[in-house]
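In what follows, a structure is listed as structure tokens, so that the remarks can point back to it.
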Amino acid sequence: MQAETARIQIMVEGVTPPAARYFLVSFDIDGTLEVGHPPGPIALETVRNVQQRGHLIGSCSDRTLGEQRAMWSSNGIEADFVSHKQQLEALRNEFDCTRFVHIGDTITDLQFAGAAGFEFWYAIDLSLADPEDMILGKEGAASGQHDQSPLSSR
Ligand SMILES: [Mg+2]
């Protein structure tokens, strides 16, 4: 009987979509990533490390979607998504993740993140020893304040 229960649990775990446990981390490009114009403080190695830990990564930028895809592929990274800043909220519907984080360099990033219910980090605040631990290990500045945020109309 116990063995039967254990087998059922394994089956249930086996069909749980892995993405449900993970973060979706959206990066602005210009002023945020090292390959942006201007370059920002976030190394692509940080993005790779976040992705290798099983989380979804991509960009949310004023650049066209084609330019964003080209930026990722020319740097050998297979992004899980590209988005316009106004479309951040759509990512919440598209991906079944537990936490949604946007990282950028301007108040515009903060405002779009807040309006879409994303946690937000300023890129400059992550240019420390373990940026991916900061991204994944604790909540961003806007986290938990979505309902009360003055940046949100809700
Ligand atoms: Mg920027």
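The values are calculated or read from the model by the stated rules, or taken from the named source; none is laboratory data. Bear in mind that the values here come from a model prediction, so they are computed numbers and not experimental data. Cβ sites come from the backbone with ideal geometry, for glycine too, and all protein chains shown count toward neighbours.
Numbers below:
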read-out	value
Hits in region 90-107 - residues which are in contact with a helix residue (DSSP H, G or I) (Cβ under 7 Å, 6 or more places away or on another chain) and over 13 Å from Leu56 (Cβ atoms)	Ile103, Gly104, Asp105
So Asp109, is it more than 13 Å from the ligand (Cβ to nearest atom), within 13 Å of the chain's Cα centre (by Cα) and modelled with pLDDT of 95 or more	no
Pair list, Cβ < 8 Å and 6+ apart or interchain, from region 50-74 residues that are free of Cβ contacts under 8 Å to residues at least 12 places away in the same chain to residues that are within 16 Å of the ligand (Cβ to nearest atom) and in a helix (DSSP H, G or I)	none
Checking Val101 against (1) at pLDDT below 85; (2) within 16 Å of the ligand (Cβ to nearest atom), the condition it does not meet	(1)
Which numbered condition Ile29 misses (of (1) in a loop (DSSP other than H, G, I, E, B); (2) surrounded by fewer than 23 Cβ atoms within 10 Å (Cβ to Cβ); (3) modelled with pLDDT of 95 or more; (4) among the hydrophobic types (A, V, I, L, M, F, W, C))	(2)
From Gly40, Gly54, residue being within 16 Å of the ligand (Cβ to nearest atom) and either assigned to a loop (DSSP other than H, G, I, E, B) or modelled with pLDDT of 95 or more (or both)	Gly40
